[in-house]
Each structure stands twice: as C-alpha cells, then as structure tokens.
Amino acid sequence: MSTLDQLRHGLGNALENLAQGWHQLRERAAQALTRFTPGKSGSVQTLEEGVAERGARWGLLAAEVREHGDRLSVDLEVPGMDLGDFDIQVLDGHLVIRGEKRVEREHAEGRYFVMERAYGCFERAIPLPAEVDADKAQAHYRKGVLTVTLPKTQPARTWRIEVQRG
C-alpha cells in the first residue's frame, strides 16, 4: 500500500470514527436537548431581556429516572431556578416539567463574549416506565437538581416460573 493510500485509509477511518461519535452523542442527548423561548414577547425593555433574547435557544436538561420498588424518582438538572419557577404535571404517561429560567445579572457593566446558557421558557416531557399516582407525588429542588418522587399505582411484581422436565 502506498503512502498516499495509507493516508486516505487513515483519514477515512478518522472521519468514520468522528461521525460515529457525533451519532452516539446525538442519540444520548436527544431527550435532554430542550428548546428555550424568550419569556416575554414584544420589544426588549431591559438588559436582562436583551441577554435572554441573544442567548442560546437550546440547552441540555439531563434527567435520570429510577425505580425504587413502589415508587419512581426523576431527577432533572435545572440550575439557576427558584422553587416557584416550576410547573409539574403527569400527562399521558409522561412527567411534564415546565419552567422559566430568568437572567440574573451580578454585574452592571461589561459585555458578553460567549453566551452558551439558555434562558426563557422551557418544557421537558419525560416518559415514565410505570403508572403513577400523581396526587401523591412530591417535588424537591436542591443544588440545581429537581427531584420528583412518584408512587406507583401497582407495586412491581416478580413472577418466578419453574422449569419442569418434559
């Protein structure tokens, strides 16, 4: 194999690996990728509204769903929120979390060079693996993580099937 053929082969492998990596990242992040829309419509009135208007339109809200026998727990990473910023519902087998992430400036002067954080209204629907009693659900927010605990309507059952000679 000539040097040129080796380079072509190596470049082809590199591009294939890069494409595979992007595909895996996209599949893993697809559910967490969340659209943010500006909270208020109309003209920009304040500097905070201008920041939200120019900020990222998409953000990652990573979630974990765990089963603990008779209940499910859902953790959602949503830093920078207050307790009153959430609207949580169970709808058609999904935990639907809506909210608005607002801009809070600590400095009155300066300008932005990088704006990767998303601000505005968002909605995330997380599929639930079991039926739940939404009336008995509880939610807690601590250190940027929203935890929703949902009792299942029917406890998980394990059936043991005995194998017989035959």
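None of the figures in this text is laboratory data; all of them are computed from the coordinates on show. In this text, all values refer to a predicted model and were calculated from it rather than measured experimentally. All Cβ positions, glycine included, derive from the backbone under ideal geometry; neighbour counts span all protein chains shown.
Taking amide hydrogens as placed 1.01 Å from N in the peptide plane, the amide H of Leu128 sits under 5 Å from those of His94, Leu95, each at least 5 positions away in sequence or on another chain.
Here the residues Leu33, Leu128, Leu91, ranked from fewest to most Cβ neighbours within 10 Å of their Cβ, fall in the order Leu91, Leu33, Leu128.
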